[in-house]
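Below you'll find the structure, written out as structure tokens, and then a few comments.
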Amino acid sequence: MTNAELQQRKDAATPRGVGVMCDFYAARAENAELWDIEGRRFIDFAAGIAVVNTGHRHPRVVAAIREQLERFTHTAYQIVPYASYVELAEKLNARAPGAHPKKTAFFTTGAEAVENAVKIARAATGRPGIIAFSGGFHGRTMMGMALTGKVAPYKVGFGPFPSDVFHAPFPNPLHGISTTDSLRAVETLLKADIDAARVAAIIFEPVQGEGGFYPAPAEFVHGLRHLCDKYGILLIADEVQTGFARTGKLFAMEHYEVAADLITMAKSLAGGMPLAGVVGRADVMDAAAPGGLGGTYAGNPLALAAAHAVLDVIDEERLCERATRLGNALKARLAALQADVPQLAEVRGPGAMVACEFLVPGTLDPDARFAKRVQARALERGLLLLVCGAYGNVVRFLFPLTIEDAVFNEALDLLEEALKESVGAMA
Ligand SMILES: Cc1ncc(COP(=O)(O)O)c(C=O)c1O
């Protein structure tokens, strides 16, 4: 079977709403490389959208899944529990930032983790309101969409959404939004739109993912914590994309001196298996009544086995340090290219959560055409890149943190070629 044949069958068999970036089909993958069904090799700087920080098929992860497969695959934790669920909760409670006692519940997808964090916050506070941020992405469920601060393509045609959700601008110095502006906007919401006493939670991403890899400045996070403490609001950090060593820490919230009350996690938690969770203050986590949280597949045993192995790999291979080292090398390479690539306005991001933003030279206008061109030129050379940002003008880099040095350097060469050729093409 060829890619072209499958592409035709896909278009006939599956809806266009499931948008697909590539027109080739995966055959196999190993660490940071994948091969399509026609044998073509790609270096994977997408990592399944930030899911395989520990690489495709890490031997430790594969062995853990295999071992679990031989014992049982599903009992439904809420019916017949198993130790691996409790043990992973214990590990995450110990490692999530914040000095308070913690508890963890597991789910299957990032959107589900967000839904449940909101449910828990509402149960704990008895309040309905949630404040989120423009550019934020929180998933494709109804509440996920309501919280998401980007209309196209996520919200178009799908409303009405759950009520009592409000958005404030997220800090974005490049585009003139300061931390003070953002915090003031939250205060304004509390004056103009919803009584603070009716707000259950403020949800934010420590680094906005889909929104463009904009890091939350420390003063902003401290300011949110202060507002939350002042009004009895819970702070939810959505770490679905920032988690598990990507930013140079196990949790991105470790970069701040203040803690969130609840943290959502998914993606790289289980190295390619579907697993999500909410970790948070034990008293808050206990607010929902028995039976209120869970799901048939929530805390799947194969995914839990993978997650235990992922945590071991992150520790043993020192992936937090590696994320910082590789991220710094990438940032230095990109910064050195800025002179030759006038569209390259900013290189940013903590650890290996790196992105570059393209603007029309001499302006603050997003240059999505240039970002798309870089992505296409890179793909032609066998390097898989993702774009993001409200205007699609940001290229983000999500390579597995386990990537071999030689493959990483090869990818940086391909990226440089793609950038330089894109400049030539635009001239
Ligand atoms: C910050 C954040 N929250 C939630 C989600 C939704 O996760 P999922 O696609 O697993 O439902 C994502 C997915 O990209 C995300 O980046």
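No value in this document is a laboratory result; all are computed from the given coordinates. A quick note: this is a predicted structure, and the numbers were derived from the prediction, not measured. Please note: Cβ atoms are built from the backbone with ideal geometry, for glycine as well, and neighbour counts cover all protein chains shown.
Do you know the relative contact order of the chain, to the nearest whole percent, from alpha carbon pairs under 8 angstrom that are 6+ apart?
After rounding, I find 21 percent.
Put a plus charge on the Cβ of each Lys and Arg, a minus charge on the Cβ of each Asp and Glu, and nothing anywhere else: the dipole of segment 62-316 about its Cα centre is then about 400 debye. Hydrophobic long helices, here whole DSSP H runs in the chain with Kyte-Doolittle means of at least -1.0 and Cα atoms spread over 30 Å or more along the helix axis, are found at 405-426.
Extending 7 Å from the Cα toward the beta-carbon at both Ala26 and Glu5 defines two label points whose distance is 2.2 nm. Structure remark: mean-square fluctuation, Gaussian network model of the chain, C-alpha springs under 10 Å; the largest value among Tyr25, Tyr85, Tyr154 belongs to Tyr25.
Overall form of segment 205-333: oblate. Here a/c, set by the Cα gyration tensor axes a ≥ b ≥ c, is 1.5 or more, and a/b is not larger than b/c.
The mean sequence distance of close C-alpha pairs (under 8 Å, at least 6 residues apart), as a share of the length of segment 267-375, puts its relative contact order at 18 percent. In terms of its alpha-carbon gyration tensor, the chain comes out oblate; a/c meets the 1.5 threshold, while b/c is at least as large as a/b. The charge dipole of the chain, taken about its Cα centre with unit charges on the Cβ of Lys, Arg, Asp and Glu (plus for the first two, minus for the last two), comes to roughly 620 debye.
Once the Cα-Cα distance is subtracted from the 0.36 nm per residue extended length, the Glu257 to Val18 segment shows a gain of 82.1 nm. Selection among Ala89, Phe370, Phe213 by position relative to the dipole of the chain gives Ala89 as farthest towards the positive end (Cβ unit charges, Cα centre).
Result for the chain in a Gaussian network model with C-alpha springs under 10 Å: among Leu269, Leu147, Leu174, the largest mean-square fluctuation is at Leu174. Answer with one residue from Leu414, Phe170, Ala336: the one whose Cα lies farthest towards the positive end of the charge dipole of the chain, charges on Cβ with Lys, Arg +1 and Asp, Glu -1. The residue sitting farthest along the positive end of the dipole is Phe170. Taking a ≥ b ≥ c as the square roots of the Cα gyration tensor eigenvalues, segment 62-316 comes out prolate, since a/c reaches at least 1.5 and a/b is larger than b/c.
Our coupling estimate for segment 156-173, obtained by passing each phi through the Karplus curve with A = 6.51, B = -1.76, C = 1.60 and θ = phi - 60°, is 5, x, 10, x, x, 9, x, 8, 6, 10, 10, 10, 10, x, 8, x, 7, x Hz, Gly and Pro reported as x.
Panel order for Arg127, Arg40, by other beta carbons found within 10 Å of each beta carbon, from fewest to most: Arg40, Arg127. Dipole magnitude for segment 1-46: computed about the Cα centre from +1 point charges on Lys and Arg Cβ and -1 point charges on Asp and Glu Cβ, it is near 140 debye. Post the alpha-carbon centroid distance, segment 1-61 to segment 150-188, in whole angstrom. Rounded to whole Å, the Cα centres lie 33 Å apart. In segment 1-131, taking the dipole from charged Cβ atoms about the Cα centre, the farthest positive-side position among Pro59, Phe72, Thr104 is held by Thr104.
For n ≥ 4 DSSP H runs only, could you compute -39500 (n - 2.57) per run for the chain, divide by its residues and tell me the 222 nm figure to the nearest 500? Calculated from helices alone, the mean residue ellipticity at 222 nm is -12000 deg cm²/dmol. Sorted ascending by nearby beta carbons within 10 Å, beginning with the fewest, Ser268, Ser84, Ser422, Ser163 become Ser163, Ser84, Ser422, Ser268. Between the alpha-carbon centres of segment 215-275 and segment 298-348 there is a gap of 17 Å.
Within segment 159-214, all pairs of alpha-carbon atoms sorted by distance into 10 Å bins from zero give the percentages 20, 47, 30, 2. With contacts taken as Cα pairs under 8 Å at a separation of at least 6 residues, segment 62-316 carries a relative contact order of 29 percent.
When the C-alpha to C-alpha distance is required to be over 19 Å, the pairs from Lys10/Lys372; Lys267/Lys372; Lys331/Lys420; Lys91/Lys267; Lys155/Lys191 that qualify are Lys10/Lys372; Lys267/Lys372; Lys155/Lys191. Of the GluC sites (Glu not before Pro) found in segment 340-423, those in coil by DSSP whose Cβ has at most 16 other Cβ atoms within 10 Å are Glu404. For the chain, DSSP calls about 65 percent of its internal beta bridges antiparallel. Springs join every pair of Cα atoms under 10 Å in this Gaussian network model of the chain, and among Val20, Val240, Val395 the largest mean-square fluctuation is at Val20.
Looking at segment 62-316, what % of its DSSP beta bridges pair antiparallel, to the nearest 5? Expressed as a percentage, antiparallel bridges in segment 62-316 total about 45.
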